[in-house]
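Values in this text are rule-based calculations from the coordinates and carry no lab data. Bear in mind that the values here come from a model prediction, so they are computed numbers and not experimental data. Counting neighbours? That spans all protein chains shown, and the Cβs are built from the backbone with ideal geometry, glycine included.
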Amino acid sequence: MSLSLRRKMIPWWFAAPGLVWLIVFFAVPIFNQISVSLMSGDPEVGFELTWSFSTYADAVRDYHTQFLRSIGYAGLATIIDLIIAFPLAYFIAYKAGRFKGLLLLLVILPFFVSQVMRTASWQLILNDQGWAVARMQDLGIVSDGGQFLATGKAVVFGIAYNFLPFMVLPLYATLDRIDRRLIEAASDLYCSRFTAFRKVTLPLAVPGIFAGSLLVFIPACGDYINSSILGSSNTTMIGNVIQSKFLNVLDYPSAAALSFILMGVILLGIALYGRVLGTKNLTELAG
Amino acid sequence: MREDRARAERALEESLETAFAQRSSRRSFVGRSAGAMLLAGGLGSFLSACGITGTATKNVEALRAEAERVNHPKVPIGNWVFANWPLYMDKSVLKDFDREFGGKVKYVEEINDNNEFFGKVRQQLTQGRNIGRDIVVLTDPMAAKWVRSGFVSPYDKKNVPNAKNLVPNLQSIGYDPERQFTLPFQSGAVSLGYDIRATGGEIKSIKELFNPKYKGKTTMLTEPYDSASTVLIMQGKDPAKATLDDMLGAIEYIAEQNEKGQFRRFTGNDFTTDLTKGNVAIVLAYSGDMVQLQADNPNLRFAYAEEGCITFTDNLMLPAKVAHPYAAETMMNFLYEPEIAAKLCAYINYISPVDGIRPILEKSDPEIAENELIFPPDDVRKRLKLYPSLSTSEEQTMYEAMAKVTGG
């Protein structure tokens, strides 16, 4: 092999592990599932590729409710997480001093327990006769004699709880990295603290908000654990439908088609969101 | 120090620059990667162009003939794998087994759901490959599916002489009349669990699950084999003889009730939380789970419904192309020794299929021996009903209909 060829190959060698990973664990499964989504048949005789695009149309027709619900729940949970996580991340980054590390550890500590266990624990805490629901009744969040579990509220709450750290960590990373001198400069130029926050801190935190929202919204859209543990038959999300299609009904084409529609919808959503917040933000955060 | 580092960095930069001398722009790099991905995609579609093999009925007769001739010679036990449901084994039984017979059993609690587990091993099974487990424990309808699809290996009865201890009513079952492929592990019943404080009295009939008095205060099982069959029993039909249409009719009934808000939610084994926490009054329950709940809270009751109730059996089975049949058979035989079966029963509290354990438990564990959930009285035994037998595509239709009701 000539020297120049060998040199040309070097970047490929660098990229090789990542590429192999992408091909084996992303490209192959994706294309495989695309072809599954275009198959038809039944579990008894098997499924064959027949380019049956109607599966997609049927999936949208039959499950648009669950799609919309998933997007709604995931969106609400993302907003709730943003509202909770921003002040928290701000506090950790600016005010926590030597407790920073400890507080960050506390944020991720629940992750040492499996998500199913954590969610099932909420099922115990939020029981109808429990203290938590009684307080929510006092506050008017739950109607008197009403319940919190097996409702959409419980599912949104569960998602928000489970994905909160995904919002806190990128927000913290961005806020912590903001050059404090910029804020000082703002106050030197007679900005009030609020204006400095609004005109300096917040815009610089946008990459964190963007990354955090994606990290919460994307997995939340496909989540099925919260709905199956905290919800009812009226709170089913698209993840539950895909799971049941795949494992119980053994309708692999529909399951695959639903997954791709979900992926498409999410990609579209992200593209729009990126437009609004500026697409470079993610790469800026990574840099 | 600093200078050294700067020099090193410069050197690295230079070498990288040379490496990228004919730098592929990011775009072309991405373009080429995309090409590679397309290639991989081609491979992917090539792979799946073969389609997904179905689970059509294999030649069951050939399998039965194989069962007649099966001969698994006695070999050292070695390392072998036993796949079971969580909390379904007294681990000291496994230790005793290893001590007595040598070898090492790898015991995996990986079956949380029949369908989920099947999904995990389906591909190997349909391709006729070994699934790396020597015993699996599957519930009747799934066990039936494995038998009719040829996903099982017959076991050598010569190695399981204790199978003679199998209780008479389970010695034959529709999908395996001579028990050539399946041996019951434990049984249980599907019927009514309730909190007597919430109901204000004893509950006897399945109709109470649908009583408007308990609107929103009941739960139903997601599994149509359990819930729809129970509805059929309430309607006076024998689920064992039920057709797909009967099941669909029962699911339709469940759907109507659900629309009226009768059920708080659909559950699997997790009906226990809603019941113990007082969120609901009556649930459709598995008897085995109720034994433990009652031990903690005597107000929780289980009733074998007067109309009858479904009994399910989880079966020990050897998957097709099993690697260590002799080890698996030795374990099956061991589990059918009355002393071992009694020990297991006292631990997991399900209905044991092994005859002759009650006298042992009367001495060692009288409370267990008296428990009607573990030893159903004779009049209850007469009311126990079996699941319907449906083909794989009928099953699919049934699950599809049920999924529409449960929202999935």
Under a plain spin-label model, where a point goes 7 Å from the Cα along Cα-to-Cβ, how far apart in nm are A:Asp62 and B:Arg64? 3.6 nm
Here the FRET efficiency for B:Asp378 versus A:Ser114, based on Cβ atoms and R0 = 30 Å and rounded to 0.05, is 0.10
Distance in nm between label sites at A:Leu124 and A:Leu139, each 7 Å beyond Cα in the beta-carbon direction? 2.2 nm
Over all alpha-carbon pairs of the range A:61-286, lay out the pair-distance distribution in 10 Å bins, whole %, shortest bin first. 8, 27, 31, 23, 10, 2, 0
For the range B:145-265, convex hull volume per residue from C-alpha positions, Å³: 145 Å³
What is the gain in length, in nm to one decimal, between B:Val75 and B:Lys106 on full extension, counting 0.36 nm per residue of separation less the C-alpha to C-alpha distance? 9.4 nm
If you count, for every residue in A:35-47, the Cβ atoms of partner chains within 10 Å of its Cβ, what is the mean? 6
Provide, in order from the shortest bin, the percent of all Cα-Cα pairs of the protein assembly as shown in each 20 Å bin, continuing until the bin that contains the maximum pair distance. 15, 41, 32, 11, 1
Highest mean packing first, using Cβ neighbours within 10 angstrom, the peptides B:169-177, A:29-37, A:181-189 sort as A:29-37, B:169-177, A:181-189
What are the radius of gyration and Dmax of chain B, computed over its Cα atoms and given in Å? 26.9, 92
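Determine the calculated [θ] at 222 nm for chain B from helices alone, applying -39500 (n - 2.57) to every DSSP H run no shorter than 4 residues and normalising by the residue count; nearest 500 deg cm²/dmol.
Computed mean residue ellipticity for chain B: -14000 deg cm²/dmol.
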Evaluate Rg over Rh across the range B:86-184, taking Cα atoms for both radii and Kirkwood's formula for Rh. 0.96
Stretched fully, the stretch from A:Phe197 through A:Trp51 gains (0.36 nm per residue minus C-alpha distance, one decimal, in nm) 47.1 nm
Taking every alpha carbon pair in the range B:249-363 and sorting the distances into 10 angstrom bins from 0 up to the bin holding the longest one, the percent per bin comes out as 11, 29, 30, 20, 11, 0
For the range B:311-317, 3J(HN,Hα) per residue [Karplus equation, 6.51 cos²θ - 1.76 cosθ + 1.60, θ = phi - 60°, Hz, x = Gly/Pro]: 10, 10, 10, 9, 10, 7, 9
Test item: B:387-398 mean partner chain Cβ contacts at 10 Å: 2
In nm, to one decimal, how far is the modelled label at A:Arg7 from the one at B:Asn297, with both set 7 Å along Cα→Cβ? 7.6 nm
Could you sort the peptides B:222-234, B:318-330, B:367-379, A:11-23 by per-residue average Cβ neighbour count (10 Å cutoff), highest mean leading? B:222-234, B:318-330, B:367-379, A:11-23
For B:Lys213, list the aspartates and glutamates whose Cα falls under 15 Å from its own Cα; do not include residues on the same chain fewer than 8 positions away. B:Asp195, B:Glu202
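Taking 0.36 nm per intervening residue step and subtracting the Cα-Cα distance, what contour gain separates B:Arg129 from B:Val167 on full extension?
Separation in residues times 0.36 nm, less the Cα-Cα distance, equals 10.3 nm.
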